[in-house]
Structure formats: C-alpha cells, structure tokens
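Everything below concerns the one structure shown next.
The values are calculated or read from the model by the stated rules, or taken from the named source; none is laboratory data. The structure displayed is predicted, hence computed values, not measured ones. Backbone-built Cβ (ideal geometry, glycine too); neighbour counts: all protein chains shown.
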Amino acid sequence: MLPLKTLARFAAGAAAAVLALTLNFASAQSGEPIKIGFGMALTGPLAANGKQALLGMKIWEEETNSKGGLLGRPVKLVFYDDQSNPSTVPGIYTKLLDVDKVELVVGGYATNMVAPAMPVVMQKNKTFISLFALDVNDEFKYPKYFAVLPTGPKTKESFTEGFFQIGLAQNPKPTTVALAAEDAEFSRNACEGARANAKTLGLKIVYDKTYPPATTDFSPIVRALQQANADMVVICSYPLSSVGMMQTVNELNYKPKMIGGAMVGLQATVFKNRLGAKLNGLINYETWVPTEKALAPAAEFFKKYQARAGAEGVDPLGYYLGGWGYAYINMLGEAIAGSKSVDDDKIADWLRKNTHKTIMGDWSYGAKGEWTKSGMMQVQYHDIKEGETWKGMNYQTVLSPPHLKTGEVIYPYEKAK
C-alpha cells in the first residue's frame, strides 16, 4: 500500500492533469462559433426527407464539437424551416447572411429548394454545397457550387439511364415509352433526361405530359397512360404524387412492362409504409442501399441515428437522407480543416482539388460542381409483405449499375405483383 503522502501527491497530480485537459479543451473552443446556415424542409411534403438530413447534420455538429471543433472554434448550425416552399428560400438565405451573420451556408434538401437560393448565394459570393439538387448549376454555372448527389457528369440523364438499360436488355426489347412528370424543377429536369435517353436509344415516345404539383386525382393521368399503351413508363415525381401515382396504378390494375424511373419519396420509410405491397414490381432510382459493402463505413453513424430517430420523430432508418445529410456537412467540415480557413474562396478551391471520402462513398468534382462519376442505382421492389421492416435487402434488388447488381429483374412488371 502506498504511503498517505504519496497518495496525496498522486491525487493532486491527477486533479491537475484533469484540470489541464479541461482548460485545453475549453481554450480549443474559446473562439466564436463557426456559424453554418441553411434552410431545411421540416414541414410540408418534403419534411420526411428534410428531417432525416437535419438529424444527420446534428450528429456531425455534436461529434465535431466533442472533438474540439474546427480551427479552435466550435461549430453551430443555424437553420430555418423552408416549409417545402421555394418562395420562402430567398428570404431565409438573406436573413442568414445579413442578420444572423453566418460565415458559411449550405443548401437545403431538394432541387426545388436549392434553385431559389442560388441568386442570393451568388450575390454574396459564398461557396454553396447542395443536397440532392438535380442540375441546378446548369443555368447559373457558378464556380463555387458543389452538388452532393451521385448523378455524375450526365446529370439529368443519370436518373433514368439505368432504367432504360434494364428494359433494353429484355427479349423482346421494349420499343415505346411514356413520360409523365410533375411540373416542378426536379421532375422537369429528370424528365428532360429521360427524353434524351429515349431518343439516344431509339425508343418511340408515345406519351409525354406534365401535371400540376397540386394534383390529387391521378386517375385521368393513369387512364391516359393505359390508352397510350407504352412498353415502358417513366414517372418523374415528388413524394406526394409518387404515392398517389402508385396507388392509382394499382387501383386501375395498370400493368405496363416496366414502370418507375425517377420517383422521389419512395426511398423514405413513411412512404414505403403507406404503399406496402403496392410497390412490388416498381423499378426506381436509389442513391444508396444497405448492402454489406455499403454499410461497412456507415454502420457507426446509422447506429447513432437509429438510436435517436424515435425521439426526434424522423425516419427510423435514415438510409435515404440521414447518411447523406451527415456526409455533405462533414465534407464542408473537412474543407474547413483542409484549407485551414472559413474563407469561401479557399474552401471552394480545396473542394475542387480533393477526393472526398465519406460514409456514403467517395467522389470528386468536375465541371459545374457535379460528380466526375455517377453512383445512381435502379432498384426493383418485390415480395413485400405486411409489416415489412425495410431494413435489409430482402425486399429490393439492385439492377444497375452492373458492378453493384444484386440480382435479376422480374420482367414484365405484372410478374412481381
């Protein structure tokens, strides 16, 4: 047993060490916070996805501050609900920059929310990382824009390229295609890409129309598609119309050879639950699925996310936007650390020159701030039963791209019903 004096000296030394560590940590975060501002869909039809992204971002904020922050300063997320309404966005970003005096901004979720922020961001000369915004920079050509969406250089075409390739691999090959698109920024862009793919592949377009975002009765649209009798049907839609369209397709017993393509929302658990077995046979885009290989670098994050999801009232799995929300804000954090600065020009230069290794995969940037390679997938749903948990790969098969393929297509569509 140690003498009392020795024990006292040991205790005093330990206390001093703890105090020093505490002071060092405090001094590491003694500066004003690095404020990062954004709008996010927390209410309205995009909220199921926006809330996922925000929880992913909050986890990054907490992890970063627990490690001492960035550049000796804590980080602070400053955000407002954009209500899934594009008209709120310019005011939000003006307030963030002029009133809240945030040092950096990132985009909210979705094409329709990112596009109206661009003029404000460009006027203020800020670096801008967007989350799941399709080809927004095609018009602006802003050099400090960086998309987090795995579309690759052929942005608009990428959403449906795999869909068409799957169809044309069948025997006999489909020859006709119908296009139905919600009249909104994303879906118009995706449908433009589908139109280009069809033309390149020599398919005849027999139906090509848009419908208003406020549509609630999809029967006339589906009946018109039935009348057109196309082999392949590409639907480009946002969450509520994605659900409405698939409910009506099932109610009217519509059975083209293939249907799906670019339907937003069906990746989220809330919409999967709403449709259940009505998803069987659908072939639709995905940006990430929990295969063993993909889950390996992301497992720790999803463990944290899913432990908190219930209390936060968000998607219980977070596979669609939770991981991407973490990845895109973490990429900004890496750029701040790598450039040793919060200067927008230096951060943008770092983002351009580096490969970004994230829990959702690795990518680098090319022209217009888009990825140099596509990571878009087409997934088919099948064998969905009541009470599906949506956790694994049992109810879905990756059909494209070939190097990520996990099984064969069920074709035509009605065979999977």
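List of remarks:
- Residue, nearest to the chain's Cα centre (by Cα), within segment 342-363, restricted to residues that are surrounded by 14 or more Cβ atoms within 10 Å (Cβ to Cβ) and part of a loop (DSSP other than H, G, I, E, B): 360
- The numbered conditions (1) in the same structural domain as residue 59 (by TED's automatic domain parsing); (2) closer than 19 Å to residue 243 by Cα are all true for residue 306 except (2).
- Search result, residues across segment 175-194 that are in contact with a strand residue (DSSP E or B) (Cβ under 8 Å, 6 or more places away or on another chain) and surrounded by fewer than 21 Cβ atoms within 10 Å (Cβ to Cβ): 175, 176, 183, 188
- Of all residues in segment 386-417, those being in a loop (DSSP other than H, G, I, E, B) and either under 15 Å from residue 268 (Cα atoms) or in contact with a Phe, Trp or Tyr (Cβ under 8 Å, 6 or more places away or on another chain) (or both) number 7.
- Residues (under 16 Å from residue 380 (Cβ atoms) and either of a type in the set (Ser, Thr, Tyr) or outside any loop (DSSP other than H, G, I, E, B) (or both)) located in segment 278-297: 278, 279, 283, 284, 285, 286, 287, 291
- Unmet criterion (only one of (1) in contact with a strand residue (DSSP E or B) (Cβ under 9 Å, 6 or more places away or on another chain); (2) touching a residue at least 24 places away in the same chain (Cβ under 8 Å); (3) not basic (Lys, Arg)) for residue 226: (1)
- Checking each residue in segment 246-264 for being surrounded by 24 or more Cβ atoms within 10 Å (Cβ to Cβ) and either on the phi > 0 side of the Ramachandran plot or not in a loop (DSSP other than H, G, I, E, B) (or both) picks out 246, 249, 258, 259, 260, 261, 262, 263.
- Any hit, segment 328-339, residues being of a type in the set (Val, Ile, Thr) and either farther than 24 Å from residue 64 by Cα or within 16 Å of the chain's Cα centre (by Cα) (or both): yes
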